[in-house]
1. Using the number of other C-beta atoms within 10 angstrom as an exposure proxy, rank A:243, B:191, A:55, B:51 with the fewest first.
2. Of all the C-alpha pairs in segment A:186-270, what % are more than 19 Å from each other?
3. Which helices, counted as full DSSP H runs in chain A, have an axial Cα extent of no less than 24 Å and a Kyte-Doolittle average of -0.5 or above?
4. So what J values fall out for segment A:163-172 if you push phi through Karplus, 6.51 cos²θ - 1.76 cosθ + 1.60 with θ = phi - 60°, rounded to Hz, Gly and Pro as x?
5. For the peptides B:10-22, A:305-317, B:117-129, what is the packing order when you average, over each peptide's residues, the other Cβ atoms within 10 Å and list the highest mean first?
6. Test of understanding: express the Cα radius of gyration of segment B:111-219 as a ratio to 2.2 N^0.38 Å, with N the residue count.
7. Only bridges whose two residues both fall in chain B count here: according to DSSP, what percent of them are antiparallel, nearest 5?
8. How long are the semi-axes of the ellipsoid equivalent to chain A, from square roots of 5 times the Cα gyration tensor eigenvalues, in whole Å, largest first?
Amino acid sequence: MRVAPKEVETFRDDFTYSNSPEAIKRFPFPFPEDEYRYSVNMEPHTPKGREGSAYEHFLDIDEHYLSEMTERKLVLDAMPHRCLAMDHMELACWDMLERLMTSLAEDYSDYFKLTIEGDQWTWENKLLNIHDTFTFGDSSTLPKPPLEYIGCQVQGDFALLDQRDGDLFLDAGMVTCPADWSLAFDAGMSFKEWHGPVPMAHNEGIFERALKYLTAMQVGSPIRRLNWTLTVNARMDTSPETYHEWGHERTSVTPENVGEKVYLRVEVQVMDRMPRSNALMFIIRTYLISLEDIATNPEWAKRMHRTMKTLPAPLIEYKGLNRYHSMVVDYLSQFDPAN
Amino acid sequence: MSNQIKVEVASICQVAPTIREFTLEAIDDELYPFSPGAHVVVEMPSAKKIYKNAYSLLSDPADTNRYRIAVRLQEASRGGSIYMHEQVKVGDQLLISPPSNLFSPFWLAKKHLMLAGGVGVTPFMSYIPEMLRRNADFELHYMYRSLQTGAYKNELSEQLGDKYFGYDSDRHTRCDVTELLSQQPLGTHIYICGPESLIQAVEEAAQTLGLPASVIHSEEFAAPKPGMPFIAEIKSSGQQVEVSAEDSLLEALEASDISVPNLCRGGVCGQCVCTVEEGDIDHRDQYLSDDEKAAGKTIMPCVSRAAGERLVLDI
């Protein structure tokens, strides 16, 4: 069964965000084996699983759509620099708008409609009551620049990577729900530069292989990988810009509240070659689920316990879990009696 | 490759004494838009074997109704261009790869200086419409021999006015590359597409003038040229693969069911790189650096061959 958007919930202050039983069932659980291992883990982003799975379509629109769009607006109103596009990325932004609009209209025709007559495009978003006609390629005919316009209508963060000299550069994006990284800080960086803080992987040649793979990606063959971390409270915007609002929350975890307060944060990262600009679009679609809700699936709870238990110390540090990692392991151990 | 696109040859036209232009239209799906400098790999099923050569798209990237490519007849080649010139007729169907791009304009440049040699003008045919749309500062310097090449020179001259410079070596007009490079403002990026001798001349001039290598961009798809036959031994299995004079090493490996990832098949993209355990290499690619070539540890099997009778590949 497909999950329909529900009323607006919050990712801050009173944190009213919650997952329905259907949303828990379709959660993209990220741990394929008991022991945690670092790997490039990329696979073709093709439809997989039953109708309603998080991988059913190119983009996943779920019950949190309205909540995430409201949260995004709060972030951008307070910090407009969370969305940026360098001048030379204009065409890439139109590429992105085209890719997102065409796939939304095709996969969610109840909610979105795109009518193309030459370069005159009409876009309808029934969930947000948007109805605009514009000239494709002419930013002055849109109410906002193309990346911001479409980015505010799709769940997930977006980055557009310019490809030159066999490398990728982070030259445009909209990042309002990052796992502790800043678009404004990383803007203009090369692939290895923005991955600089990642521990362990540099020595294993992982970034060389990933870069070679990404720069050779062809039009029409998107790929995905999963990434994960833990977040205290259902907070979407864990950015360096707002660290003062959420950093201290890591001290609020106790053995009593760990199950409801700690969330597994999963990113379904999709990479897709943009045809007109040769840029690479990088979508980071974030899902949050509390440990309590994970525990409703005994297999997941057991698997996650084993993965957390074998997590190497440098990764505990990098993911910022030092203060409560052991409480997470203790909490999950009740679902894995053998360990 | 399962992602190939089926196209129909909508028209063929002779655009220079040795160059034919093919207009390709989609049969089933729409064609992808493409980026300036993109190419497609065209599969040519001749009676003898299947050739796969990369050709730059030379139409306006905004036009998704058709692709155009231009093929220069290479008498000394193994037959891909001969097949295109002699066998392919209007109405024929061909398989092409989706467009990919190894030669994108560097859009942060203050000025774009394009140097084309002969059929090497083709990627710039797709640069120019986008450069005009962006109001970019650019010049096209086009070197050709009017008895053989020089496709599109009249329309380019007319369209570009004082941004166009033509040099016809059959009429003894030549481009002084060092002089040209020395006049460019800071922040100019230089793009070369043409024979290796042109690429080398520009690179040497740039070095003499102290221009950084990072502002020089070049692309030359080398359709694999024939050579002496040799044996490729696969280290992991001990298998002996015979590479005939006409086949590339990559083609011979594929014929023996040994798959090597590859894209451009013209010595540019770097995807098919293999480690060489033993044997001397005749490097013919644009991908490996001079140091890597001198080290003799890696080979691009799409175009390069053994310099002797045997190579041992660590695959």
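1. Listed from fewest to most nearby Cβ atoms, that is A:243, A:55, B:51, B:191.
2. In whole percent, the long-distance tail amounts to 58.
3. Membrane-span-like by this criterion, though nothing is claimed about a membrane: A:90-107.
4. Rounded to whole hertz, the list is 9, 8, 6, x, 10, 10, 10, 7, 10, 7.
5. Per-residue mean Cβ counts within 10 Å order the peptides as B:117-129, B:10-22, A:305-317.
6. That ratio works out to 1.00.
7. 60
8. The answer is 33, 23, 19 Å, longest axis first.
Rule-based calculations on the coordinates, nothing more; no lab input. Keep in mind that what you see is a predicted model, and the values were worked out from it rather than measured. Don't worry about glycine lacking a Cβ; one is built from the backbone with ideal geometry, like all the others, and counts go over all protein chains shown.
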